[in-house]
Amino acid sequence: TMDVAAEDSDQMPSGFHAKAAAKAARLRREAAKLASAAALESPGGIESRPGEWAPTQSKLLRRVAVAARPGHFELSLQYGPYSVAYDTTGRLLALCGRGGHVAAFEWRQKRLMFESQVNEPCHALTWVGAGSTPQLAVAHSNWTYIYDAQGLELHCLKRLHKANKLFWLPRHWLLAACTDTGHLHWQDVSTGQTVASYCGHHGPLRVSALHPDSGCVLTGQPNGQLCIWTPLEKRPVVKILCCPAGVRAVATAPAGHAVYTLGGDSRLRVWDIRCLRPLSVSDNGADAASIRLFDAAPQLAVSQRGLLACPVRQGAALMVLPAGGAKPLLSHPSPGRLSDLAFCPWEDVLAFGHARGLGSVLVPGSGEPNPDGAVHPLSGKRQRREAEVRGLLDKLPPETIAPPAVGGGVNAVDAEGIEEALARKRAAVMALPSDEVRQFQPRRRSGKASGELNRKVGERWQRRRMELRQLLKSKKRVLAEMGDEGADAAGGRKTKKAKKISQSGELTKPATGTFLDRLIPKAD
Amino acid sequence: MKVKLLLRNPQDYLRETADDIHKLARNPAPELHPMSAETEYVRALNAAKLERVFAKPFLGCFGDQGDQLSRVCMHPRALSLCLSGCVDGRVAFWNIPRRSRVLQLDAHSGCVQGLCWHPEQDLFYSCCDTDRTLKAWRVGDDLVEFSRPVSQRHLDFAPLNLDHHVSKDLFALSGDAVYLYDSRRSDPVGQWKWGSDSVLQARFNPTEWHLLAAVTKDNALLLIDTRQREPLRRIRCEFRQNALCWNPQEPFVLATASDDYNLYSWDARRLASPACVYRGHTNAAMDVDFAPTGRELVSASYDCTVRLWESGRSQSRDVYHTKRMYRVFAARYSLDARFIVTASADFNLRLWKARASEKLGALTPRERAAVNTAEALKQKYAHHPQVRRIVQHRHLPKRLYQAQLEMKAIRGKQRRKEVNRREHRGEDKEPFVPERDRHVRGVDE
């Protein structure tokens, strides 16, 4: 469903569509009002006086309650640059290092779930499954492994070879992967079926992100293109040129339609994935097309409320920008070169992995305050179990993964199907048997057993002649219905409607402004 | 500098005691619910599939009666009782929930042609054409007190069916004519006839107390007002109507089961054509009954199936068949519109659910909510091809399926021929006749 601004209403094809869009927008506003009225919590934030510097973590800690302290910690670890991942509830944090260190823990209580050394470089990780039976998918140097909550290796996915990014699609129960070899994989974790696995033929896919609302994978190419991939198409469904130089990083918000791209020109641009047009960002109060991020390393993370985190000073520090703004909200130095950033869902916390371990900082205003359902940090075990069962029952088929720009959806009118049917009808009408074909007589054979053969051929041709006669009749009928003058000329009967139209002097029906206009016979 | 950090109090999210239900956080904001239409569609699909998984309408067989059953009659006030009449003259009294026979009477020497209950008293009537008698039996405390009838009446015609008035002490016998009898008088109070052929069934309108409808052997449907000497109307149909039933909720609607495999529902105010043609059976429809709600119909057919219909929709909602069930001659709804009792030529009465996937037994509020949600989802996505194909599909045994395909082919051929004729002769000589107008030969007043 599209959010249509008021000024877009005149771009609607007809009054019916404008009314429907206005109604949808009104319902959305009412839902938002209801949501805010029933809200339990309010979002966090920083109110600073003009001229005040962005706060440090110590300053924040002095001003917030003691209960917030678990969100700020640092771990000094030795096994290489770390990648971090939160699960969808925001309760669990996992890390994997290039030195082979894999661990998972509940970050609030600092309760370690498991920690192991896998003796292989690990490049990416993601939590899969629902909160009741959390499993961790880790991309090792060759294959991808799935570990359970105790660190036992459950599966080795050899098909996900040299994956550099793993994505979890919770509504489809799919594990998606982009690889250094240029392949894309979608694996169903509930049934174990490989939904799609193909080579994209667009070079190694090193820059990628998931669009969670639709389930599509976005990749950034060195030629500045942004490609959108779905499991059903072996080619990118959409390609847009988003940067003049190569795309260095792509990120999406956990909900919504914004896509952030960091180009080779160090400029951050925001795109609307629904219409594939740039959204303007504010640079020092003024609207701009892009924000210049100086010395930014290519990692981006976006929070639920639109805050953007990126490394600056070649990974020596991280910076958090407000939604659509350029003035940093806060910054934090990193002990090692930053390698990964992840916002905690439902909390005002940001985790970052660097060359010497990982850390976690408080970012007021980044988490969505009011969750829906059982997917939030304080849901109990039983609720998570039930939510998992419901999630499995509501598992969406992979056909629903489609970029919003392409349209469709389960409630969309199958305009293409209708068009195709009409086109087929018209083609059938236009493809008349020629006179030679109609007057053809089969060659009579002679010799042994020719009587039988001649009889059979004659019968077959008789049947074909009947078919051709039917075809001619139906063509006349359809042309008559369409009000074509040619029907009269061809000797077909005119329907009452056709007679009326031809009497009134109009050959064609008035244009309706829809796709059916293509099939109105043109007046020559 | 003012700093506010999002901090949740766990007490707001945890239930207070173990007896409470778990708290569920709710946020209807659409950003948190992407792909809601797709999720709803998947739920509708699952609802349709689960409905088919749980569709087990056959509840049980009432036990072998020993000979072919001709009539079934439900008790007008008690849910769990019904009568059945046999071709060898026995009348059996059944307890439906236990599916057991309470009592059996040797009522007649020939086929029991008519069975009906008195609306208020614990009395039922049976009639037979071979011995030409009408007998009244008293029932008390679900046992017949005497195995002899309370009263017996010898008729000078062979009765083919019997119906009692909804409140007055009148009953209608159909034989060579429609006879109206008062229980206190020995001679008939009224007699109606049109033509020379016998009347197969006559039924009182439950709301319009003076109105009777009758079906005759010469393919006619009669409408009779008991205050008039002659029948009001005669509708001459193409084929014989085997049974008829008045709609208990709509006073002017009646349904008939026809030999041409269709059921027809008629509006008594406008009898020129049927209000709806119910097509689906592949052999003669033998019996029809309205549900007490007046919104559904059940039909028993010679093709060994029972079909359920929604009033006004010409395609059946469901079809029941069993390997052992042979020609079905009678089908009746229970008083609560939840069960169907059928009598068939394999000597058995069978009990079925009216809603095949309904759970019998008490539903908890959550179950009820889930059922209602599933129903609403199926209706919302009813047009969607994948959902429609699951909801509509019914397995049929091979010969029934082949019969259905044959009927389709025959209809297709008839339609094509009409289209060709219309093209050849022109629309004025071969006008398009809608389905409803094809089945009535004429209406006589």
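The values are calculated or read from the model by the stated rules, or taken from the named source; none is laboratory data. Bear in mind that the values here come from a model prediction, so they are computed numbers and not experimental data. No Cβ is skipped: glycine too gets one built from the backbone with ideal geometry, and neighbour counts run over all protein chains shown. For the accessible areas, the whole protein counts, side chains as well, though only heavy atoms, and no ligand, DNA or RNA atoms are used. Shrake-Rupley method; radii C 1.70, N 1.55, O 1.52, S 1.80 Å.
Among the residues of segment A:339-360, count how many are assigned to a strand (DSSP E or B), within 14 Å of another protein chain (Cβ to nearest Cβ) and surrounded by fewer than 24 Cβ atoms within 10 Å (Cβ to Cβ).
The initial filter retains those residues of segment A:339-360 that are assigned to a strand (DSSP E or B), namely A:339-343, A:349-354, A:357-360.
Imposing the further condition that a residue be within 14 Å of another protein chain (Cβ to nearest Cβ) reduces the set to A:343, A:349-350, A:360.
Among the residues that remain, those that are also surrounded by fewer than 24 Cβ atoms within 10 Å (Cβ to Cβ) are: A:360.
Going through segment A:339-360 one residue at a time, the tally reaches 1.
Taking the stated definitions as given, is B:VAL139 under 19 Å from B:CYS73 (Cβ atoms) and open to solvent by 50 Å² or more (accessible area, probe 1.4 Å)?
In short, no.
Just name the residue that is farthest from A:SER474 (Cα to Cα) out of those in segment B:379-434 that are open to solvent by less than 100 Å² (accessible area, probe 1.4 Å), assigned to a loop (DSSP other than H, G, I, E, B) and touching a residue at least 12 places away in the same chain (Cβ under 8 Å).
Within segment B:379-434, the match that is farthest from A:SER474 (Cα to Cα) is B:PRO397.
Considering each of A:ALA449, A:ALA421, A:ALA415, A:ALA431 in turn, give the residue that is at pLDDT below 75 and open to solvent by less than 90 Å² (accessible area, probe 1.4 Å).
Numbers: A:ALA449 fails: at pLDDT below 75; A:ALA421 fails: at pLDDT below 75; A:ALA415 fails: at pLDDT below 75.
Just a single option satisfies the conditions, and that option is A:ALA431.
Just the residues that are in a helix (DSSP H, G or I), out of contact with any Asp or Glu (no Cβ under 8 Å at 6 or more places or on another chain) and facing chain B (nearest Cβ under 7 Å), please, taken from segment A:22-45.
A:ALA31, A:ALA32, A:LEU34, A:ALA35
Might you check whether a residue that is touching a strand residue (DSSP E or B) at 6+ places or on another chain (Cβ under 9 Å), open to solvent by less than 40 Å² (accessible area, probe 1.4 Å) and over 26 Å from A:LYS33 (Cα atoms) occurs anywhere in segment B:34-56?
Within segment B:34-56, the subset touching a strand residue (DSSP E or B) at 6+ places or on another chain (Cβ under 9 Å) is B:55-56.
Next, from what is left, pick out any that are open to solvent by less than 40 Å² (accessible area, probe 1.4 Å): B:55.
Then keep just the ones that are over 26 Å from A:LYS33 (Cα atoms); that gives B:55.
Yes.
Find the residue count for segment B:82-104, including only residues that are surrounded by fewer than 20 Cβ atoms within 10 Å (Cβ to Cβ) and not in a loop (DSSP other than H, G, I, E, B).
Adding up the residues that qualify gives 7.
For residues in segment A:90-131 being open to solvent by 20 Å² or more (accessible area, probe 1.4 Å) and in contact with a Ser or Thr (Cβ under 6 Å, 6 or more places away or on another chain), which is nearest to A:SER303 (Cα to Cα)?
The residue in question is A:PRO121.
Exactly one condition in (1) facing chain A (nearest Cβ under 7 Å); (2) of a type in the set (S, T, N, Q); (3) part of a loop (DSSP other than H, G, I, E, B); (4) out of contact with any helix residue (DSSP H, G or I) (no Cβ under 7 Å at 6 or more places or on another chain) is not met by B:ASN27; state its number.
(4) is the only condition that B:ASN27 fails.
Could you please find all residues in segment A:63-80 being in contact (Cβ under 8 Å) with a residue 40 or more places away in the chain, facing chain B (nearest Cβ under 10 Å) and over 32 Å from the mean Cα position of the chain (by Cα)? Talk me through it step by step, then tell me what you get.
Kept after step one, since they are in contact (Cβ under 8 Å) with a residue 40 or more places away in the chain, are these residues of segment A:63-80: A:64, A:68, A:70-78, A:80.
Restricting the remaining residues to those that are facing chain B (nearest Cβ under 10 Å) gives A:64, A:68, A:71.
Correct list: A:VAL64, A:ALA68.
Pull out all pairs, ordered by first then second residue, where Cβ-Cβ is under 7 Å, the residues are six or more apart or on different chains, the first lies in segment A:18-40 and is touching a residue at least 40 places away in the same chain (Cβ under 8 Å), and the second is open to solvent by 40 Å² or more (accessible area, probe 1.4 Å) and assigned to a helix (DSSP H, G or I).
Final answer for the pair search is A:LEU40/B:ASP12.
Of all residues in segment B:7-24 being closer than 20 Å to A:ASP348 by Cβ and within 8 Å of chain A (Cβ to nearest Cβ), which is least open to solvent (accessible area, probe 1.4 Å)?
We begin by selecting, within segment B:7-24, every residue closer than 20 Å to A:ASP348 by Cβ; these are B:7-13.
Subsequent filtering for residues that are within 8 Å of chain A (Cβ to nearest Cβ) retains B:7-8, B:10, B:12-13.
Numbers: B:LEU7: 64, B:ARG8: 33, B:PRO10: 57, B:ASP12: 70, B:TYR13: 17 Å².
Top of the filtered list is B:TYR13.
Is segment A:228-248 home to any residue that is modelled with pLDDT under 95 and within 14 Å of another protein chain (Cβ to nearest Cβ)?
Looking through segment A:228-248, none of the residues is modelled with pLDDT under 95 and within 14 Å of another protein chain (Cβ to nearest Cβ).
Could you list all residues from segment A:395-409 that are open to solvent by less than 30 Å² (accessible area, probe 1.4 Å) and in a loop (DSSP other than H, G, I, E, B)?
Correct list: A:LEU396, A:ILE401, A:PRO403.
How about segment B:30-43: which of its residues are at the interface with another protein chain (Cβ under 7 Å from one of its Cβ atoms), modelled with pLDDT of 90 or more and over 8 Å from A:ASP372 (Cβ atoms)?
B:PRO34, B:MET35, B:ALA37, B:GLU38, B:THR39, B:TYR41, B:VAL42, B:ARG43
Given (1) free of Cβ contacts under 8 Å to residues at least 24 places away in the same chain; (2) within 12 Å of another protein chain (Cβ to nearest Cβ); (3) open to solvent by less than 20 Å² (accessible area, probe 1.4 Å), where does A:ASP272 come up short, assuming only one miss?
(2)
Filter segment B:381-426 for residues that are touching a Phe, Trp or Tyr at 6+ places or on another chain (Cβ under 9 Å) and farther than 26 Å from B:THR322 by Cβ and give the result.
B:TYR381, B:HIS384, B:GLN386, B:VAL387, B:ARG388, B:GLU418, B:ARG422
Which one of these is surrounded by fewer than 19 Cβ atoms within 10 Å (Cβ to Cβ), modelled with pLDDT of 95 or more and either among the polar types (S, T, N, Q) or over 21 Å from B:SER80 (Cα atoms) (or both): B:SER311, B:SER357? Explain how you work it out, then say what you get.
Numbers: B:SER311 fails: surrounded by fewer than 19 Cβ atoms within 10 Å (Cβ to Cβ).
Unique residue meeting the criteria: B:SER357.
Which residues, counting only those in segment A:195-246, are charged (D, E, K, R) and open to solvent by 40 Å² or more (accessible area, probe 1.4 Å)? Even if it seems obvious, please write down each step before you answer.
Let us first name the residues in segment A:195-246 that are charged (D, E, K, R), namely A:206, A:213, A:233-235, A:239.
Once the filter is applied, which keeps residues that are charged (D, E, K, R) and open to solvent by 40 Å² or more (accessible area, probe 1.4 Å), segment A:195-246 yields A:ARG206, A:GLU233, A:LYS234, A:ARG235, A:LYS239.
Do we find a residue being touching a Phe, Trp or Tyr at 6+ places or on another chain (Cβ under 7 Å), more than 28 Å from B:LEU405 (Cβ to Cβ) and open to solvent by 50 Å² or more (accessible area, probe 1.4 Å) anywhere in segment B:252-266?
no
Specify which of the listed residues (A:ALA67, A:ALA38, A:ALA94, A:ALA22) is at pLDDT below 90 and not aromatic (Phe, Trp, Tyr).
Details: A:ALA67 fails: at pLDDT below 90; A:ALA94 fails: at pLDDT below 90; A:ALA22 fails: at pLDDT below 90.
That would be A:ALA38, the only listed residue that is at pLDDT below 90 and not aromatic (Phe, Trp, Tyr).
Might you let me know whether segment A:337-356 holds any residue that is without any contact (Cβ under 8 Å) to a residue 40 or more places away in the chain and within 26 Å of A:LEU166 (Cα to Cα)? Full working, then the answer.
First pass over segment A:337-356, keeping only residues without any contact (Cβ under 8 Å) to a residue 40 or more places away in the chain: none.
Within segment A:337-356 (the criterion being without any contact (Cβ under 8 Å) to a residue 40 or more places away in the chain and within 26 Å of A:LEU166 (Cα to Cα)), the answer is no, since none of the residues qualifies.
Can you tell me which residues in segment A:372-398 are within 12 Å of chain B (Cβ to nearest Cβ), under 26 Å from A:ALA124 (Cβ atoms) and out of contact with any His (no Cβ under 9 Å at 6 or more places or on another chain)?
Within segment A:372-398, A:VAL375, A:HIS376, A:PRO377, A:ARG384, A:ALA387, A:GLY391, A:LEU392 qualify.
Mind checking which residues of segment A:301-317 are within 27 Å of the chain's Cα centre (by Cα) and either open to solvent by 40 Å² or more (accessible area, probe 1.4 Å) or closer than 21 Å to A:GLN57 by Cβ (or both)?
Matches in segment A:301-317: A:ALA301, A:VAL302, A:SER303, A:GLN304, A:ARG305, A:LEU307, A:LEU308, A:ALA309, A:CYS310, A:PRO311.
I'd like the residue in segment A:47-62 that is facing chain B (nearest Cβ under 9 Å) and assigned to a loop (DSSP other than H, G, I, E, B) and, out of all such residues, is most open to solvent (accessible area, probe 1.4 Å).
Ranking the candidates gives A:ARG49 first.
Could you please find all residues in segment A:132-164 being small (Gly, Ala, Ser), part of a loop (DSSP other than H, G, I, E, B) and crowded, with 17+ Cβ neighbours inside 10 Å?
If we filter segment A:132-164 for residues that are small (Gly, Ala, Ser), which is where we start, we get A:132, A:137, A:139, A:141, A:149, A:151, A:163.
Among the residues that remain, those that are also part of a loop (DSSP other than H, G, I, E, B) are: A:132, A:141, A:149, A:151.
Answer for segment A:132-164, where residues must be small (Gly, Ala, Ser), part of a loop (DSSP other than H, G, I, E, B) and crowded, with 17+ Cβ neighbours inside 10 Å: just A:SER132.
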